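The values are calculated or read from the model by the stated rules, or taken from the named source; none is laboratory data. This structure is a prediction, so every number in the text was calculated from the model and none was measured. Cβ: placed from backbone, ideal geometry, glycine included. Neighbour counts: every protein chain shown. Side chains included, ligands, DNA and RNA excluded: accessible areas come from the protein's heavy atoms. Shrake-Rupley method; radii C 1.70, N 1.55, O 1.52, S 1.80 Å.
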Amino acid sequence: MTDTLVTGAQAAPAKPATRPARPHFSSGPCAKPPGWDAAKLNVEVLGRSHRSKLGKTRLQYCIDLMRELLRLPDTHRIGIVPGSDTGAFEMAMWTMLGARPVTTLAWESFGEGWVTDAAKQLKLDPNVIRADYGQLPDLAQVDFSHDVLFTWNGTTSGVRVPNGDWIAADREGLTFADATSAVFAYDLPWDKIDVATFSWQKVLGGEGAHGVLILGPRAVERLETYTPAWPLPKVFRLVSKGKLAEGVFKGETINTPSMLAVEDAIFALEWAKSVGGAAGLIARSDANAAALDRIVAARDWLGHLAPDPASRSKTSVCLTVAGADEAFIKTMAGLLEKEGAAFDVAGYRDAPAGLRIWCGATVDAADIEALGPWLDWAYSAAKASN
């Protein structure tokens, strides 16, 4: 049976028989881990102080799981901080920048946000290296006598740095990596990263509001030997009496965390261990991205916003749609949501009109595969409705 839209002579094709079992393809907050159920969360800590023995134990356990899964060296500290990835990255900027010249790399909206903060808020007159959506800047231009700010995986453009080979091992400045769509999806070279930030709501499918700040030894040295010229709000303060506030990296959070969000993150981290740890998470993301690549390759009306596979994201994959404008994409996304076939797949508001499909580890490859025919249906239906 063919479903017909109000279109004149054109008719939409029949709807596919099979929907993705979990149609959650949003690029943040992302799909919960397979098997997730709120009833499975440990709620013993709820209603207790986060500074109680139990509260601190659960926060430290969450940190220990992240260290294990990220294969993070003992030289690096992990802290749970307020404000999601944005708060974590701004905390790093406000507390450490100003000691050296600054270079910022921007090829999508969040990178541009760090440019704005460095230039207009901190007034540091940064050297800015830009590229258009879908492209990566010339990494050879980076001067590593500067502090360098960049997104490891550009969530809104689908462009990532291919690896850490471009980062100088003998750098004088610090590297600040906004890695929120990259951790748990790529094997990150921690010897090349001095500061990294992310949030649970991306590859782990956790809840928002909390960020994670990772500091290497060179970042700790900066914090203990440099005092910024500007005042710092309480939630940004990482130093006490000239020394790193070590408690922040042992579960003693700066402000009150949501212990429900912490338990949700613990669930995701324990699930990650059950599927093979870091290697298992990377393999799942790779399989999802490969499944979506096959869908794109089989359709002449679909393309990748990032043309170079070496710098194409394997998590937040951004697609072009032939002849589509913002209104067309909105129609497609609305049709898919109404049918329960795909949620939240329109591209980011500042990016070129297109689709964005999350392929992180909490998505199942079978659901990506089931999405293909629904994209065909929504594309044809949107064309018929014009």
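Here are a few things to note about the model shown:
- Just the protein heavy atoms count here, and of the accessible area of the stretch 200-243 at 1.4 Å, carbon and sulfur take up 55 percent.
- Surface share of carbon and sulfur [accessible, 1.4 angstrom probe, percent] for the stretch 8-58: 55
- Against the main long axis of the alpha-carbon atoms of the chain, helix 326-338 sits at an angle near 80°.
- Cα long-axis angle, helix 277-297 against the chain (0 to 90 degrees, to the nearest 10): 30
- Highest mean packing comes first when the peptides 230-239, 80-89 are listed by Cβ atoms within 10 Å, giving 80-89, 230-239.
- Rg over Rh [alpha-carbon atoms, Kirkwood Rh] for the stretch 17-113: 1.05
- Square roots of five times the Cα gyration tensor eigenvalues for the stretch 177-305, Å: 34, 18, 14
- Counting every pair of alpha carbons in the stretch 266-313, the share spaced more than 17 Å apart comes to 48 percent.
- For the stretch 182-229, the per residue solvent-accessible surface stands at 29 Å², with DNA, RNA and ligands left out and a 1.4 Å probe.
- Amide H contacts of Val81: Gly211, Val212, Leu213, each under 5 Å away and 5 or more positions distant or on a separate chain (H built 1.01 Å from N in the peptide plane; Pro and chain starts excluded).
- Note that the stretch 276-386 presents 38 Å² accessible area per residue, ligands and nucleic acids not counted, probe 1.4 Å.
- Note on the stretch 246-386: with neighbouring protein chains present and a 1.4 Å probe, carbon and sulfur make up 51 percent of its accessible heavy-atom surface.
- Average accessible surface area per residue within the stretch 28-154, 1.4 Å rolling probe, Å²: 42
- Computed [θ] at 222 nm, deg cm²/dmol, the chain (DSSP H ≥ 4; -39,500 (n - 2.57); rounded to nearest 500): -10000 deg cm²/dmol
- Order by protection proxy (mean Cβ within 10 Å, highest first), peptides 221-229, 179-187, 51-59: 179-187, 51-59, 221-229
- Overall Cα dimensions of the chain - principal axes, largest extent first, Å: 75, 51, 33
- Arg312 long-range amide H proximity, modeled H, under 5 Å: Arg160
- Equivalent-ellipsoid semi-axes for the stretch 48-202 (Cα gyration tensor, √(5λ), whole Å, largest first): 27, 17, 15.
- Long pairs among Lys40/Lys383; Lys32/Lys338; Lys202/Lys330; Lys123/Lys243; Lys192/Lys273, criterion Cα-Cα beyond 32 Å: Lys40/Lys383
- Under the Karplus curve 6.51 cos²θ - 1.76 cosθ + 1.60, θ = phi - 60°, whole-Hz ³J(HN,Hα) for the stretch 130-137, x wherever Gly or Pro sits: 10, 8, 6, 3, x, 10, 10, x
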